[in-house]
1. Could you tell me how many degrees, from 0 to 90 and to the nearest 10, lie between the Cα long axis of helix 322-331 and the main elongation axis, the longest principal axis, of the Cα atoms of the chain?
2. Report, in whole Å, the centroid distance computed from the Cα atoms of region 395-458 and region 277-338.
3. If the chain between ARG344 and GLU178 were fully stretched, how many nm would it gain, using 0.36 nm times the residue separation less the Cα-Cα distance?
4. What is the extension gain from ASP115 to SER479, computed as 0.36 nm multiplied by their sequence separation minus the C-alpha to C-alpha distance, in nm to one decimal?
5. Please compute P(r) over all alpha-carbon pairs of the chain, binned at 10 Å starting from zero, and give each bin as a whole-number percent.
6. Can you figure out the FRET efficiency of ALA225 with ASP486, using R₀ = 45 Å and their beta-carbon distance, to the nearest 0.05?
7. State the answer as a single residue: which of ILE251, LEU354, VAL290 lies farthest towards the positive end of the charge dipole of region 248-390, with beta carbon charges of +1 for Lys and Arg and -1 for Asp and Glu, about the Cα centre.
8. Once you have the alpha carbon radius of gyration of region 343-492, what is it after dividing by 2.2 N^0.38 Å, with N set to its residue count?
Amino acid sequence: MAVEKTYYITTPIYYVNDVPHIGHAYTTLACDVLARFKRLDGYRVHFLTGTDEHGQKVEKAAEAAGIPPKAFTDKVSVNFRELAEAMKFSNDDFIRTTEDRHLRSVQAIWKKLLDDGHIYLGSYAGWYAVRDEAFYTETELKDGPNGTKTAPSGATVEWVEEPSYFFRLSAWQDRLLEFYDRNPGFILPESRRNEVVSFVRSGLRDLSVSRTTFKWGVPVPGDDAHIMYVWLDALTNYITAVGYPDTQSEIFRTFWPADLHMVGKDILRFHAVYWPAFLMAAGLEPPRRVFAHGWWTNEGQKISKSLGNVIEPRGLVEKYGLDPVRYFLMREVPFGNDGDFSHRAMINRLNGDLANDIGNLCQRVLSMIAKNCDGRVPDPEGKEGPTDAALLARAAAMLPKLREELDTQSFHNALGTIWDVIGEANRYVDSEAPWALRKTDPARMGAVLYTLAETIRQIGLLVQPFMPDAASRILDQLSVPRNARDTAAYTAGRLVPGTALPKPEGVFPRFVAEEAGEGA
């Protein structure tokens, strides 16, 4: 009996102190692409996203809005659900840290850590950034305006003195370094791994894991004067969603440890240092990988509310269409690097890669089939040649290459692999000139058009995770059955000559910049 292939992928859970922006869409989109690809490739997938609803930052935002924290989080959490719907994310679960299941889970891990001697009561005095929900050492700080001090992130820090429970993080320094050595792929990209290893090697101090100066959080079991540090609370969501504390449940045994936590580079330390230490202390396996991607700027400027240049993803979708936005975000920047969003770049991708390359290929091939082959999949009639075999071999090689690239989260390379074949197919059209063959060798024309249609089928299958709606329209126009659109059908489900095809329709129209008020 074949072993079931499983894949558990998570986004960070997003703070509900503000509205969703392009950074939230980017992280979740990357996870959605991977989840969709893994499902097509025969995996049982669990894809989790959600909202982080506790902490001083959320409490202050609720206070500023003039409503209780729970009412505030109920309202703002909906924005993230609506973003997921607008971007057609295929998440299997949406978790909120205010849910009862999470309260049970995070209190259970606290009790486990306390009972096993990993948590002790002491007092904390040090620098804390409310915006980051993070503690910093004196050496990490910079001087800010008016005598203030700022964290590496730029957030203002404040001096905090209060009773606190501590997690014995210092005891895990050597074990974390050993774990990183045994699992070189645990942190990607490599540059981020180097940052984490250097941080841990520099020495770990015990971590304050409770607060008494505010009340919006999970109460510490047996000591209601304390609430749990928001990161212990938040990180535990990843095991809550697969049934913790019931570690014998089917869902926990199936999906834990997680295959991938996708995060922004600003929260890597919490996921790659604190989280594996918490888990190992609780007798649980760490996740298999944490990938920390970069940030976006807007037309060369840092994105900030004060500059008024926050990019609202649903606005982009309304202007350019969902699939073009999904494609742009996954193609424009090597995943892991910082990137710059510009309307010019967006339009160039839409008109170049989409309208000119894949759109033109599909339109002219399907139109020629409709006109010259009675609207049916052409019959090669034994007229295949070496150029046809070469193109089909290039197309067949895409799938194993995509598996490799997506397993290292190289989304831009995966799309580049597909677009290399699209470019090859367009050159093949020009060199074989099926419009001329119609007069001189109709049978050979059929072989050429069949080769192109079959190549487009394979392209359509592989762009599904990135652009599901457009891919569906391409495959519909080739009359590919709905049950033959996974990777099992990639080479086994070739087009059947004589199959009737619907009237071809354009998939990617050109975007006229002037009409949108954007300079080309």
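Here, each number is a calculation from the coordinates, and none is a lab measurement. Nothing here was measured: the structure is a model prediction, and the numbers come from that model. Cβ atoms come from the backbone with ideal geometry, glycine included; neighbour counts cover every protein chain shown.
1. 70 degrees
2. Result: 31 Å between the Cα centres.
3. On the way: separation 166, 0.36 × 166 = 59.76 nm, distance 4.67 nm.
Here the answer is 55.1 nm.
4. Values: separation 364, 0.36 × 364 = 131.04 nm, distance 6.09 nm.
Additional length available on full extension: 125.0 nm.
5. Taking all Cα pairs of the chain, the binned fractions are 3, 17, 26, 23, 15, 9, 5, 2, 0 percent.
6. Details: r = 54 Å, r/R0 = 1.21.
E(calc), rounded to 0.05, equals 0.25.
7. In region 248-390, that residue is VAL290.
8. Numbers: Rg = 15.3 Å, N = 150, 2.2 N^0.38 = 14.8 Å.
In units of the globular-protein estimate, region 343-492 measures up at 1.04.
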